[in-house]
Amino acid sequence: MDEPETYSKNNDLQQTDNVFILDKYFRLVKTNGDDESILDIGVGDGKFAVEKLIPRFPNKLGKFVGCDVSEKMVQFAKEAHRDAKVEFVQLDVSCEEVPVDFEACFDHIFSFYTLHWVSKQRQAFKNMYRMLKPGGDMLLCFLANNPIYDVHLYMSEHPRWKTYMKKEYICPYHGKKDPEKTVEKLLKETGFTSHVCRVEKRSYYFPNVDIMKKSFFAVNPIVHRLPPKEVQDYMDDFLEKIKHLNDITIEIVNNNEEGVHLRYDLLVIFASKSLEDC
């Protein structure tokens with residue numbers, strides 16, 4: 001996902017789920033201080049962070065850092081949102097060593113629709129633990145199961161497309177019967193106290209196939225790696241496979257357009273770091 005302008009115009013699904021998570025779970029976040037520091041992992045274009053997340057901390061925001069693995073996304077966010085208390089930086093959450101000035105730096109960590117892209121899950125959770133202050137907490141949501149990953153798996157084995165596809169692009173929890181149990185174990189092993197670790201059954205309706213296509217390809221990790229002359233054929237194969245998935249329903253709506261229902265699982269985590277871990 002390295003096309004910030006395209007993503008910023010076609011991310012309504014993500015924005016809708018992010019707001020749902022904030023509305024339902026933000027009450028768990030302990031906003032006690034007047035100078036709180038926040039890290040948003042996978043900040044993307046910065047719009048959700050600036051318009052929806054930061055306002056949840058009225059008169060209490062000391063520092064906000066939004067990080068993303070994509071340098072293009074970070075630059076886009078910097079240009080779109082200018083505020084002395086808001087900083088955007090390039091960072092891979094699964095890196096071997098976090099920046100020294102990020103160690104035990106943040107009261108709160110948030111991450112929305114990001115961690116399903118991270119293959120090194122254990123390292124990512126270790127790093128988040130290191131970056132939280134003692135007593136700090138984190139609220140995360142990311143995909144656990146999504147029929148689109150079945151398409152990615154199919155494309156990764158297709159003779160024409162497999163050289164462009166990496167299995168790392170598949171969510172580590174896709175296809176697991178109880179992904180929350182796997183993550184609970186990982187949280188415990190990396191030092192966290194888990195308060196919420198559950199799957200939210202979600203669905204989203206695209207009013208027509210064109211909107212669905214724009215949404216899917218705004219975050220498709222393969223398209224930008226293809227030779228330009230191959231892109232259309234790849235997209236056609238991708239969309240044809242979608243029509244045969246169990247968790248996607250296509251129906252005829254007004255003016256003979258095809259509306260699309262997508263059903264998927266979001267994994268929601270709220271966890272904290274012990275005050276005694278100094």
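The values are calculated or read from the model by the stated rules, or taken from the named source; none is laboratory data. Small disclaimer: the values here were computed from a predicted structure and weren't measured. Backbone-built Cβ (ideal geometry, glycine too); neighbour counts: all protein chains shown. Protein only, heavy atoms only, side chains kept; ligands, DNA and RNA dropped before computing areas. Shrake-Rupley method; radii C 1.70, N 1.55, O 1.52, S 1.80 Å.
Observations on the structure shown:
- Note on region 25-58: residues that are exposed (fewer than 14 other Cβ atoms within 10 Å of the Cβ) and either touching a residue at least 60 places away in the same chain (Cβ under 8 Å) or touching a Phe, Trp or Tyr at 6+ places or on another chain (Cβ under 6 Å) (or both) amount to 3.
- Pairs linking a residue in region 198-220 that is of a type outside the set (Asp, Glu) to a residue that is open to solvent by 40 Å² or more (accessible area, probe 1.4 Å) and in a helix (DSSP H, G or I), with Cβ atoms under 6 Å and 6 or more positions apart or on different chains, are 198/180; 199/180; 218/6.
- Residue that is farthest from the chain's Cα centre (by Cα), among those in region 175-209 that are in a helix (DSSP H, G or I) and surrounded by 15 or more Cβ atoms within 10 Å (Cβ to Cβ): 209
- Some residue of region 72-88 being within 15 Å of residue 114 (Cα to Cα) and either free of Cβ contacts under 8 Å to residues at least 40 places away in the same chain or among the polar types (S, T, N, Q) (or both): yes
- Single condition residue 112 does not satisfy, out of (1) more than 23 Å from residue 190 (Cα to Cα); (2) buried (at least 22 other Cβ atoms within 10 Å of the Cβ): (1)
- Test: residue in region 34-48 that is over 17 Å from residue 136 (Cβ atoms) and not in a loop (DSSP other than H, G, I, E, B): yes
- Checked against (1) at pLDDT 95 or above; (2) farther than 14 Å from residue 214 by Cα; (3) open to solvent by less than 20 Å² (accessible area, probe 1.4 Å), residue 14 meets all criteria but (2).
- Candidates 212, 155, filtered to the one that is under 20 Å from the mean Cα position of the chain (by Cα), more than 25 Å from residue 140 (Cβ to Cβ) and crowded, with 19+ Cβ neighbours inside 10 Å: 212
- Test: residue in region 130-139 that is closer than 22 Å to residue 96 by Cα, of a type outside the set (Ser, Thr, Tyr), touching a Ser or Thr at 6+ places or on another chain (Cβ under 6 Å) and in a strand (DSSP E or B): yes
- Considering residues of region 219-251 that are open to solvent by 30 Å² or more (accessible area, probe 1.4 Å) and polar (S, T, N, Q) only, the residue modelled with the lowest pLDDT: 246
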